[in-house]
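Taking it in order: structure first as structure tokens, then the write-up.
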Amino acid sequence: MFLFFLRLIFNVLINSMFIFQQVFIFITVGSMLIGSLNVLKETRLKRIIAYTSINQIGFLFLGIASCSFSGFISSLLYFFIYLIMTIVFFTLLLNMEHVKTKRSLLYLSDLYFTPQFSTEASKHLTLTILSMAGLPPLAGFIGKFFLYFSAIEARLDMTIFFSMLLGMISTYYYLNLVRHI
């Protein structure tokens, strides 16, 4: 769906892109705000990932809001990086089970027992979560770096400020997931 949306914007709206720039900025900041603040009170893992996905859509729209070709390319790069991270996360999460109850992991507190189930899987899950947070040597950082670079080129200073502020909040709950592991 996102690729169809990018294709529509790139082919149809490319000449009138700057007319819709304020709408894309509103979607960017609004999506990041909803995703970052709602996840802070969640305890169910799948809902946490749903809210983080809303937050990540905001980062995707950051590249679109730059209204440049480099913004589109950086959005596509970030989309594929986040797609791979999400697939790895759900593959690991759905193949783990609670040590005592032998059920799938549902709550944030269930992550405490993942090292007892499989230390290798918990290491991979930790690396995936840290990459989703966008910490420097990992793939998520590279995607966010290019998104911020295209936003800097487009002079979206206030949008960058709000996205970095909300990015710090999202880094907090990603690190909270790692802490539970």
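The values are calculated or read from the model by the stated rules, or taken from the named source; none is laboratory data. Keep in mind that what you see is a predicted model, and the values were worked out from it rather than measured. Here Cβ is always computed from backbone atoms with ideal geometry, including for glycine, and neighbour counts include all displayed protein chains.
Miscellaneous remarks
- Here is the figure for region 49-72: residues that are of a type outside the set (Phe, Trp, Tyr) and out of contact with any helix residue (DSSP H, G or I) (no Cβ under 8 Å at 6 or more places or on another chain) total 1.
- Only one of the listed residues (20, 2, 79, 72) is surrounded by 13 or more Cβ atoms within 10 Å (Cβ to Cβ) and closer than 14 Å to residue 144 by Cβ. That residue is 79.
- Verdict on residue 109 being of a type outside the set (Val, Ile, Thr), loosely packed, with under 15 Cβ neighbours inside 10 Å, in a helix (DSSP H, G or I) and in contact (Cβ under 8 Å) with a residue 12 or more places away in the chain: yes
- Filter result (under 22 Å from residue 173 (Cβ atoms) and at pLDDT below 75) within region 90-108: 98
- When residue 163 is tested against the conditions (1) surrounded by 21 or more Cβ atoms within 10 Å (Cβ to Cβ); (2) within 21 Å of residue 45 (Cβ to Cβ), the lone failure is (2).
- The combined condition, being over 22 Å from residue 62 (Cα atoms), in contact (Cβ under 8 Å) with a residue 60 or more places away in the chain and either part of a helix (DSSP H, G or I) or not aromatic (Phe, Trp, Tyr) (or both), is fulfilled by residue 177.
- Residue 55, sole failed condition from (1) within 17 Å of the chain's Cα centre (by Cα); (2) among the polar types (S, T, N, Q); (3) surrounded by fewer than 16 Cβ atoms within 10 Å (Cβ to Cβ): (3)
- Count of region 67-106 residues which are without any contact (Cβ under 8 Å) to a residue 24 or more places away in the chain, assigned to a helix (DSSP H, G or I) and among the polar types (S, T, N, Q): 1
- Some residue of region 146-158 being surrounded by fewer than 17 Cβ atoms within 10 Å (Cβ to Cβ) and not in a helix (DSSP H, G or I): yes
- When residue 136 is tested against the conditions (1) more than 16 Å from residue 79 (Cβ to Cβ); (2) in contact (Cβ under 8 Å) with a residue 12 or more places away in the chain; (3) surrounded by fewer than 21 Cβ atoms within 10 Å (Cβ to Cβ), the lone failure is (2).
- Under the condition of being closer than 14 Å to residue 68 by Cβ and over 13 Å from the mean Cα position of the chain (by Cα), the residues counted in region 116-158 number 10.
- Some residue of region 38-50 being of a type outside the set (D, E, K, R), surrounded by fewer than 16 Cβ atoms within 10 Å (Cβ to Cβ) and outside any helix (DSSP H, G or I): yes
- Hits in region 20-45 - residues which are under 15 Å from the mean Cα position of the chain (by Cα), polar (S, T, N, Q) and closer than 19 Å to residue 160 by Cβ: 28, 31, 36
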